[in-house]
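These notes concern the structure reproduced below.
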Amino acid sequence: MRRVIPFIISITMLSVLLFSGCGEVNRDNELKEMLNANEDSLEDTITEDTCDFEMFSDYMKTWAKSSDVNLAFRGSHSLAIVNDATQGCENEPSVTLLCSFCTTDTQSSIQTVATASTALLGPVDHGKITLIITENNDGRHMGINEVPNRFIASDYLINLQTSSSDTILVSGPKNAVCSFRMNGSTEAPRYAKAYEIKMTMPKYTDPYNFVKGSNYPNPINTIGSLLANSKSSGKLFDIASFTCNTKEGYTPNTATAVIVIDSNSVDSILSKFEKSYSGVEDKFESLESNFVYTMTETEMPETVLSDETSNNLVSLMYTLNTGMCLQEEETGIVLAASYIQSIDTDNGNLSMKLDLRTRGESYLDSISSEYETTAGLCNTDYKCLKKGYVWHSAEKSKLVSFFSSTVPLLEGDSNISLKKYENDEIAPRLPNQDMIIYTFEKNNRKTVLQNITHFIDPDSAKEQQ
């Protein structure tokens, strides 16, 4: 930490200038200097690509003390720093600033954290401002659920996220959970060779992150496609079981199928597995990530799914439209997307759940209708439990009104995000919380800082006109 001290001192001196300038200092310029100092300090401290959140939290504790703000909450994967309302502004609207720190790719987070922490100090006159920073580990938002509601709840919440463009997101998607069930039966194995096919991913991945180089394959789909391809080629096998492990509602990290193969089809299915493996290997190589995907001989199970159940399961896996289900032709914007959350074949019965997100009710109805048709063709019962919007800004929101006048607000359904954010977790706990997501290019972070400061303290903008 010794090299950090000069930067923290410079930040403190800038704070003194900011709060004693009597209107003569151009505040935006001073804030830009503070932003640069914050970034330099973070880069000097966080020099590796990965680090423990505890190390980052230690830095923010020192930063908060030097900046004369209060580290009010510190958890294992999150923290909250409070800048109390200035004198005479106790009744002014409160604002929560939210951002994440990626412990597995620290350099991608430094500028976002620096922008948010500078914005915490930006306004001269303000109500209570709270900065929440949560750990983001491989797309897994680990910290938000441990932050007490009293730190999240405010008049306005702004979630800051770096992106390829500057825009305001005012809503999460329309969401539904789709259930496929089939009452099947079991029978004795007909064939001679039993194999276990298993795929494991070490990362927690967001199935709705379609950015190139970030979208991971679903192990259930990968194995399902292998089985469907083998069956369509006339290879003889029965399915004994098909299960998965899912954590925290993200893409299943493990899927396992046990199949019993006719001796004459073993070599052919093993060859198809090798081809499937090569495709997965290429995908993970581009993701710069690891995986385990194996097909190994195993003990003979006592029973397998009945031939009818097995065929219906394979048909369902072959026909079901998941991933990017619907896109706008001209723009390529994803209008509807889904992923298989879970699958189980206990006692010969099929149970599969699928999460569906769309940019509007009509898209949800369209895809759900398609799923119902698919289920019927595969002799499977289908139910769709609609859940409404995952999150949404308040009606006639001042937050949306202000930022949409300064930042591009995409037209129609485009300002709805399918991707998972901390807002998804906040909405069920605080259903009336007014919030937006402010995505921005890193090169535009100084404009972001200016916009947030002017929103919290409108007089600061008037003084410089």
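The values are calculated or read from the model by the stated rules, or taken from the named source; none is laboratory data. For clarity, every value in this text was computed on a predicted model and none was experimentally measured. All Cβ positions, glycine included, derive from the backbone under ideal geometry; neighbour counts span all protein chains shown. Note: areas computed on protein heavy atoms with side chains; ligands, DNA, RNA excluded. Shrake-Rupley method; radii C 1.70, N 1.55, O 1.52, S 1.80 Å.
On the given criteria, is Leu316 touching a strand residue (DSSP E or B) at 6+ places or on another chain (Cβ under 7 Å), under 30 Å from Pro301 (Cβ atoms) and surrounded by 16 or more Cβ atoms within 10 Å (Cβ to Cβ)?
Yes.
Taking segment 333-350 only, how many residues are open to solvent by less than 30 Å² (accessible area, probe 1.4 Å) and over 15 Å from Asn218 (Cβ atoms)?
6
When you check Val147 against the structure, is it in contact (Cβ under 8 Å) with a residue 60 or more places away in the chain, crowded, with 20+ Cβ neighbours inside 10 Å and either among the acidic types (Asp, Glu) or over 27 Å from Asn36 (Cβ atoms) (or both), yes or no?
yes
Which one of these does Glu135 not meet: (1) surrounded by fewer than 24 Cβ atoms within 10 Å (Cβ to Cβ); (2) in contact with a Gly (Cβ under 7 Å, 6 or more places away or on another chain)?
(1)
Starting from residues that are of a type in the set (Lys, Arg) and at pLDDT below 95, keep the ones in segment 358-392 and report whichever is least open to solvent (accessible area, probe 1.4 Å).
Restricting attention to segment 358-392, the residues satisfying the condition of being of a type in the set (Lys, Arg) are 359, 383, 386-387.
Adding the requirement that they be at pLDDT below 95 leaves 359, 386-387.
Values: Arg359: 30, Lys386: 100, Lys387: 121 Å².
Here the residue is Arg359.
Here is a check on your reading of the model: is Val177 aliphatic (A, V, I, L, M), over 17 Å from the mean Cα position of the chain (by Cα) and over 30 Å from Lys398 (Cα atoms)?
It is true that Val177 is aliphatic (A, V, I, L, M), over 17 Å from the mean Cα position of the chain (by Cα) and over 30 Å from Lys398 (Cα atoms).
So in segment 40-52, with the set limited to residues that are open to solvent by 10 Å² or more (accessible area, probe 1.4 Å) and in a helix (DSSP H, G or I), which one is farthest from Thr104 (Cα to Cα)? Spell out the reasoning first.
The first filter runs over segment 40-52 and keeps only residues open to solvent by 10 Å² or more (accessible area, probe 1.4 Å), leaving 40, 43-45, 47-52.
Retained after the next criterion (residues that are in a helix (DSSP H, G or I)): 40, 43-45.
Working: Asp40: 20, Glu43: 15, Asp44: 17, Thr45: 16 Å.
Going through the qualifying residues, I end up with Asp40.
Identify, from the list Leu31, Leu35, the residue that is modelled with pLDDT under 90, open to solvent by less than 10 Å² (accessible area, probe 1.4 Å) and more than 24 Å from the chain's Cα centre (by Cα).
Checking each option against the conditions leaves just Leu31.
Given the residues Ser241, Ser225, which is the only one that is hydroxyl-bearing (Ser, Thr, Tyr) and under 22 Å from Asp282 (Cβ atoms)?
Criteria check complete, one pass: Ser225.
Taking segment 162-187 only, how many residues are open to solvent by 30 Å² or more (accessible area, probe 1.4 Å) and not polar (S, T, N, Q)? Give the derivation first.
Of segment 162-187, the ones open to solvent by 30 Å² or more (accessible area, probe 1.4 Å) are 162-166, 174, 181, 183, 185-187.
From what is left, the residues that are not polar (S, T, N, Q) are 166, 174, 181, 187.
Of the residues in segment 162-187, 4 are open to solvent by 30 Å² or more (accessible area, probe 1.4 Å) and not polar (S, T, N, Q).
Go through segment 292-366 and tell me which strands (runs of 3 or more DSSP E), entirely inside it, have 3 or more residues that are out of contact with any Ser or Thr (no Cβ under 8 Å at 6 or more places or on another chain) and touching a residue at least 24 places away in the same chain (Cβ under 8 Å).
Qualifying strands (runs of 3 or more DSSP E): 292-297.
Can you spot a residue in segment 165-172 that is in a strand (DSSP E or B), modelled with pLDDT under 95 and either within 28 Å of Glu33 (Cβ to Cβ) or β-branched (Val, Ile, Thr) (or both)?
Yes: segment 165-172 contains one or more residues that are in a strand (DSSP E or B), modelled with pLDDT under 95 and either within 28 Å of Glu33 (Cβ to Cβ) or β-branched (Val, Ile, Thr) (or both).
Could you tell me whether any residue of segment 146-163 is farther than 21 Å from Arg359 by Cα, aliphatic (A, V, I, L, M) and modelled with pLDDT under 95?
no
Conditions first: (1) touching a helix residue (DSSP H, G or I) at 6+ places or on another chain (Cβ under 8 Å); (2) among the aromatic types (Phe, Trp, Tyr); (3) farther than 19 Å from Tyr250 by Cβ. Tyr277 passes all but one, so which condition is the exception?
Tallying (1) touching a helix residue (DSSP H, G or I) at 6+ places or on another chain (Cβ under 8 Å); (2) among the aromatic types (Phe, Trp, Tyr); (3) farther than 19 Å from Tyr250 by Cβ, Tyr277 fails exactly one: (1).
May I ask you to list the residues in segment 261-290 that are touching a residue at least 40 places away in the same chain (Cβ under 8 Å) and among the basic types (Lys, Arg)?
If the condition is that a residue be touching a residue at least 40 places away in the same chain (Cβ under 8 Å) and among the basic types (Lys, Arg), then Lys272, Lys283 are the ones that fit.
Can you run down the residue pairs with Cβ atoms below 6 Å, 6 or more apart or on separate chains, where the first is in segment 429-449 and closer than 18 Å to Tyr389 by Cα and touching a residue at least 24 places away in the same chain (Cβ under 8 Å) and the partner is hydrophobic (A, V, I, L, M, F, W, C) and surrounded by fewer than 20 Cβ atoms within 10 Å (Cβ to Cβ)?
Once the first residue is closer than 18 Å to Tyr389 by Cα and touching a residue at least 24 places away in the same chain (Cβ under 8 Å) and sits in segment 429-449, its partners that are hydrophobic (A, V, I, L, M, F, W, C) and surrounded by fewer than 20 Cβ atoms within 10 Å (Cβ to Cβ) give Leu430/Ala153; Asp434/Ala394.
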